[in-house]
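Before any comments, here is the structure.
The values are calculated or read from the model by the stated rules, or taken from the named source; none is laboratory data. Please read all numbers here as calculations on a predicted model, not as lab measurements. For neighbour counting, all protein chains shown are included, and Cβ atoms are generated from backbone atoms with ideal geometry for every residue, glycine included.
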Amino acid sequence: MRVLITGANRGLGLELTRQLLARGDEVVATCRVPDGATELREVLEQSPGQGRVLPLDVRDDASVAAVAQGLASLDWLINNAGVNHRAGFDTITAATMLEAFDTNTVGALRLILALRGRLSEGGRVVNISSQLGSLARQSPGFGTLGYNASKAAMNMLTRQAAFALPKQIVLSIHPGWVQTDMGGPHAAVDVVTAARGVINVTEQAKPGDSGGFFTYIGEPHPW
Ligand SMILES: NC(=O)c1ccc[n+]([C@@H]2O[C@H](COP(=O)([O-])OP(=O)(O)OC[C@H]3O[C@@H](n4cnc5c(N)ncnc54)[C@H](OP(=O)(O)O)[C@@H]3O)[C@@H](O)[C@H]2O)c1
């Protein structure tokens with residue numbers, strides 16, 4: 001199985017890469033600066049011939065097109081790259097909001113548009129979303145307005161993409177509050193558990209789940 005991951009150089013993306021390689025999958029591990037992705041390269045070197053690193057900035061159309069051009073087929077697309085600015089109503093600017101949307105929402109859209117024709121029948125599109133994008137939670141969300149809004153929009157993208165890709169399964173998954181640079185060291189879930197959960201939920205998803213929002217342990221997440 002061939003899997004493309006965005007933001008594979010650190011955090012959840014790096015651990016997803018590690019676990020998918022360990023399962024025997026082929027991983028197209030993408031990140032903004034491959035030359036600086038030392039840990040990712042070490043992970044790939046441990047599974048020779050199973051993976052490669054490609055440069056990809058999800059905010060850059062040309063970069064997405066270049067990656068798509070080099071790919072014949074794909075089984076899973078994992079839209080993992082994301083940014084989270086600490087900015088609530090008192091401090092947020094339009095530029096910050098736009099950056100959050102360009103990365104978290106439009107970035108995922110760019111990948112789906114570029115790769116949809118290469119996805120295998122029964123293939124998966126996984127949008128790594130967040131509980132902070134849930135309207136039902138009605139929480140102030142740690143002063144991360146752009147993040148919360150862009151993940152809510154990502155969830156709608158998941159819904160719409162599920163209609164547009166009837167031969168694939170499209171999911172939003174909340175990976176938990178995870179111990180990464182974004183989640184911080186006091187987060188509730190270690191990155192190994194979070195990545196394992198995301199892979200299990202993706203693997204076990206059925207066609208009827210397409211367009212759904214799930215937690216990393218496979219429970220439906222309130223919208
Ligand atoms: N950690 C949590 O508690 C938590 C909770 C819910 C959801 N999530 C979601 O899980 C995903 C992974 O987060 P994480 O915790 O692993 O965060 P992280 O450690 O901050 O990693 C973020 C990743 O996204 C990449 N990225 C950012 N902008 C990019 C762009 N324009 N193009 C390509 N890559 C870009 C980063 O690359 P650079 O190194 O180049 O910056 C990095 O690889 C995100 O979508 C996040 O929203 C995380």
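Among the residues of the stretch 1-17, those identified as away from the ligand (no atom under 12 Å from the Cβ) and surrounded by fewer than 24 Cβ atoms within 10 Å (Cβ to Cβ) are M1, R2. Taking A8 as the residue in question, decide whether it is at pLDDT 95 or above, touching a strand residue (DSSP E or B) at 6+ places or on another chain (Cβ under 9 Å), in a loop (DSSP other than H, G, I, E, B) and of a type in the set (G, A, S). It is true that A8 is at pLDDT 95 or above, touching a strand residue (DSSP E or B) at 6+ places or on another chain (Cβ under 9 Å), in a loop (DSSP other than H, G, I, E, B) and of a type in the set (G, A, S).
Can you name the residue in the stretch 171-218 that is exposed (fewer than 13 other Cβ atoms within 10 Å of the Cβ) and away from the ligand (no atom under 15 Å from the Cβ) and is also nearest to R137 (Cα to Cα) among such residues? Of everything passing the filter in the stretch 171-218, G208 is nearest to R137 (Cα to Cα).
Among the residues here, R116 does not qualify as more than 23 Å from R2 (Cβ to Cβ), in a helix (DSSP H, G or I), among the basic types (K, R) and more than 16 Å from the ligand (Cβ to nearest atom). Per this entry, A72 is not counted among residues that are among the aliphatic types (A, V, I, L, M), in contact (Cβ under 8 Å) with a residue 60 or more places away in the chain and in a loop (DSSP other than H, G, I, E, B).
G143 satisfies every condition listed in (1) modelled with pLDDT under 95; (2) in contact with a helix residue (DSSP H, G or I) (Cβ under 8 Å, 6 or more places away or on another chain); (3) surrounded by 13 or more Cβ atoms within 10 Å (Cβ to Cβ); (4) not aliphatic (A, V, I, L, M) except (2). Among the residues of the stretch 120-139, those that are in contact with a helix residue (DSSP H, G or I) (Cβ under 9 Å, 6 or more places away or on another chain) and either among the small types (G, A, S) or surrounded by fewer than 20 Cβ atoms within 10 Å (Cβ to Cβ) (or both) comprise G122, S129, S130, Q131, G133, S134, L135, R137, S139.
Anything in the stretch 66-90 that is more than 8 Å from the ligand (Cβ to nearest atom), modelled with pLDDT of 95 or more and surrounded by 13 or more Cβ atoms within 10 Å (Cβ to Cβ)? List them, or say none. Spell out the reasoning first.
Kept after step one, since they are more than 8 Å from the ligand (Cβ to nearest atom), are these residues of the stretch 66-90: 66-78, 85-90.
Checking the rest, the ones that are also modelled with pLDDT of 95 or more come to 66-69, 71, 73-78, 85.
Selection gives A66, V67, A68, L71, L74, D75, W76, L77, I78, H85.
Considering the stretch 21-60, the residues that are surrounded by fewer than 16 Cβ atoms within 10 Å (Cβ to Cβ) and assigned to a strand (DSSP E or B) include one that is farthest from the chain's Cα centre (by Cα), namely R52.
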